[in-house]
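A.B. asks: Below is a structure I'd like to ask you about.
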Amino acid sequence: MNIGFVGLGQMGHAIAGNVLAAGHALTVWNRSPDKADDLVAKGAARAASPAEAGNGDIVATMLADDAALEAVCFGENGLLSGESPALHVSLSTISLQLAERLEQAYRANGGRFVSAPVFGRPDAAAAAKLFVVAAGQADDLVRCQPLFDAIGQRTFVVGDKPSQANVVKLSGNFLIMASIETMAEALTLAAKNGVERAAMMEVLTETLFGGLVHRNYGKMLVEESYRPAGFAAPLGLKDMRLVGAAAEASRVPMPVLGVVRDHLLSAIAREGEDIDWSGIGKIIAADAGLG
Ligand code: NAP
């Protein structure tokens, strides 16, 4: 397939590399052009604008947030500036509202839009082990499947309305953040009573809490390895803001959301923008007089 790819950050660069490795013809665009250099050296074509990257069968985007995706779609030489845009697959974690706006804009322009946000950090992206959560029209999803196969280990179809994939992704990220919060609180309580964090985490993960989130983030909390960030705290804060917007629009009270949001704010204010979102563990420990 002829695939365009827009957004070569931590996630996008790794994902685009796997699209190329799977044998697809790849055309890339990134705001900072140098991030495309090694992909171009490996055979990708360099587009001069997002619109040019959108000339193939499918164009995928992996961008920081709503503002970035809006700039790439609605801006000058954006994906929607052409007459018949390709099928657009949005992999970014974005708001339900923007997914709905893009679905309408593509329909009005003769194109198609699918949301397919992913679970997995940059190491999973590099290993083509992402979990893809997809929603859109069935025939569009079938067209996207070779792309999903190239980047992930499994695709989950959750609905025919693109924003349904975004609500699943945002809800999942809320649950990860809440799990980090509760793990950090429990580890801090044990540590203040003289129990080693590693010993506590071993008990938890080898008994009742053996899933990926507890194992991976538990290890980060035990080792206090918050830098370099695999998922930076400001991006986590963006996601919690989007969860809040969806919850408010849907009239769903989510009291825990306020707690994790404030801990993310503290982590960024006290530690800087470059800390991982699991760095809330440091704030929770410090609030208890540790560290
Ligand atoms: P990142 O490394 O910060 O990359 C962000 C990308 O967005 C870069 O390509 C950046 O371009 C581009 N960008 C930002 N603002 C832009 C603008 N105004 N116009 C055009 N391009 C713009 O972030 P990431 O970690 O790859 O995350 C990307 C998306 O994946 C986010 O929605 C995130 O929530 C989601 N996600 C991340 C993870 C993770 O663990 N990291 C996991 C799952 C999902 P430049 O290179 O020019 O800055």
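The values are calculated or read from the model by the stated rules, or taken from the named source; none is laboratory data. Just so you know, these numbers come straight off a predicted model, no measurement behind them. Quick reminder, even Gly has a Cβ in these numbers, built from the backbone with ideal geometry, and neighbours come from all protein chains shown. All accessible areas refer to the heavy atoms of the entire protein, side chains included, with ligands and DNA or RNA removed. Shrake-Rupley method; radii C 1.70, N 1.55, O 1.52, S 1.80 Å.
A.B. asks: Residues to consider are Ala22, Ala45, Ala41; find the one that is touching an Asp or Glu at 6+ places or on another chain (Cβ under 8 Å), hydrophobic (A, V, I, L, M, F, W, C), more than 15 Å from the ligand (Cβ to nearest atom) and over 21 Å from Tyr106 (Cβ atoms). Full working, then the answer.
C.D. replies: Values: Ala45 fails: touching an Asp or Glu at 6+ places or on another chain (Cβ under 8 Å); Ala41 fails: touching an Asp or Glu at 6+ places or on another chain (Cβ under 8 Å).
Being touching an Asp or Glu at 6+ places or on another chain (Cβ under 8 Å), hydrophobic (A, V, I, L, M, F, W, C), more than 15 Å from the ligand (Cβ to nearest atom) and over 21 Å from Tyr106 (Cβ atoms) holds for just one of Ala22, Ala45, Ala41, which is Ala22.
A.B. asks: Under the condition of being away from the ligand (no atom under 16 Å from the Cβ) and either in contact with an Asp or Glu (Cβ under 9 Å, 6 or more places away or on another chain) or part of a helix (DSSP H, G or I) (or both), which residue from region 216-240 is nearest to His263 (Cα to Cα)? Don't jump to the end; show me each part of the working.
C.D. replies: Step one: list which residues in region 216-240 are away from the ligand (no atom under 16 Å from the Cβ), which gives 218, 221-224.
If we keep only those that are either in contact with an Asp or Glu (Cβ under 9 Å, 6 or more places away or on another chain) or part of a helix (DSSP H, G or I) (or both) too, we end up with 218, 221-223.
Working: Gly218: 17, Leu221: 15, Val222: 18, Glu223: 19 Å.
If we take residues in region 216-240 being away from the ligand (no atom under 16 Å from the Cβ) and either in contact with an Asp or Glu (Cβ under 9 Å, 6 or more places away or on another chain) or part of a helix (DSSP H, G or I) (or both), then Leu221 is nearest to His263 (Cα to Cα).
A.B. asks: Which condition number does Ala67 fail, the rest of (1) more than 12 Å from the ligand (Cβ to nearest atom); (2) without any contact (Cβ under 8 Å) to a residue 12 or more places away in the chain being met?
C.D. replies: Result: Ala67 fails condition (1) only.
A.B. asks: Sort out for me the strands (runs of 3 or more DSSP E) sitting completely within region 59-170 that have 3 or more residues that are buried (at least 16 other Cβ atoms within 10 Å of the Cβ) and in contact with a Leu (Cβ under 7 Å, 6 or more places away or on another chain).
C.D. replies: On the way: elements: 87-90, 112-115, 130-135, 152-159.
Counting at least 3 such residues, we get 87-90, 112-115.
A.B. asks: Something else about it: Would you point out which residue out of Ser81, Ser49, Ser32, Ser95 is modelled with pLDDT under 95 and not acidic (Asp, Glu)? Break it down into steps so the answer makes sense when it comes.
C.D. replies: On the way: Ser49 fails: modelled with pLDDT under 95; Ser32 fails: modelled with pLDDT under 95; Ser95 fails: modelled with pLDDT under 95.
Matching residue, one of Ser81, Ser49, Ser32, Ser95: Ser81.
A.B. asks: Test each condition in (1) under 26 Å from Leu235 (Cα atoms); (2) open to solvent by 30 Å² or more (accessible area, probe 1.4 Å) for Leu189 and report the one that comes out false.
C.D. replies: It fails just one condition, (1).
A.B. asks: Restricting attention to region 193-212, does a residue exist that is within 22 Å of the chain's Cα centre (by Cα) and open to solvent by less than 80 Å² (accessible area, probe 1.4 Å)? Please lay out each step first, then the result.
C.D. replies: In the first step, residues of region 193-212 are kept if they are within 22 Å of the chain's Cα centre (by Cα); the result is 211-212.
Keeping just the survivors that are open to solvent by less than 80 Å² (accessible area, probe 1.4 Å) gives 211.
Yes, because at least one residue in region 193-212 is within 22 Å of the chain's Cα centre (by Cα) and open to solvent by less than 80 Å² (accessible area, probe 1.4 Å).
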